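Written below as structure tokens is the structure these notes are about.
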Amino acid sequence: MRGTLNDQSLIYLQIARMLEDDILRGVYREEEQVPSTNELARGYNINPATAAKGINLLVTDGILYKKRGIGMFVSKGAEEAVKRKRRDAFYDGYVKPLVKEGASLQLTGQELLDMIRRAIQEGEEA
């Protein structure tokens with residue numbers, strides 16, 4: 001278990017995010033067991049129900065699955081599922097608002113793309 005909890009978002013969302021991060025980094029691979037709700041609760045000094053809520057989010061998303069009596073495991077295709085989920089959230093949370101703000105400033109699509117290209121280039125130079 002890696003990471004620390006903060007006051008920025010709900011704890012169960014942070015637990016889910018940390019497990020997703022570990023899947024993306026290869027800490028937990030397909031068909032490998034992840035920490036139990038009790039292990040997470042002890043490790044982060046949180047209520048087991050809170051840890052379970054974070055894990056259940058990942059079950060709902062098809063990223064984890066339960067082996068009855070054994071524990072929770074990483075689903076096949078979990079890494080791609082996490083990437084897809086985060087791409088969708090990035091699109092909804094950043095790209096759509098960016099385009100909306102560009103439209104309110106009466107930027108053309110080309111002007112907006114030029115700005116994005118410039119930002120990418122500046123990021124590569126830094």
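Side notes on the structure shown:
- Residue under evaluation E122, criteria (1) of a type outside the set (F, W, Y); (2) surrounded by 10 or more Cβ atoms within 10 Å (Cβ to Cβ); (3) assigned to a helix (DSSP H, G or I), criterion not met: (2)
- Answer from D114, D61, D88, D92 - the residue that is at negative phi and in contact with a helix residue (DSSP H, G or I) (Cβ under 9 Å, 6 or more places away or on another chain): D61
- Residue match in region 37-45 (condition: surrounded by 12 or more Cβ atoms within 10 Å (Cβ to Cβ) and either within 15 Å of the chain's Cα centre (by Cα) or among the acidic types (D, E) (or both)): yes
- Of all residues in region 34-57, those satisfying the criterion of being touching a residue at least 40 places away in the same chain (Cβ under 8 Å), closer than 17 Å to D21 by Cα and of a type in the set (A, V, I, L, M) are V34, I55, L57.
- Residues that are out of contact with any strand residue (DSSP E or B) (no Cβ under 9 Å at 6 or more places or on another chain) and either touching a residue at least 24 places away in the same chain (Cβ under 8 Å) or surrounded by 11 or more Cβ atoms within 10 Å (Cβ to Cβ) (or both) within region 58-75 comprise D61, G62, listed in sequence order.
- Some residue of region 38-50 being out of contact with any Gly (no Cβ under 9 Å at 6 or more places or on another chain), of a type in the set (S, T, N, Q) and over 28 Å from L10 (Cβ atoms): no
Values in this text are rule-based calculations from the coordinates and carry no lab data. Quantities reported herein were computed from a predicted structural model and do not represent experimental measurements. Heads up, the Cβs are rebuilt from the backbone with ideal geometry, glycines too, and the neighbour counts pull from every protein chain shown.
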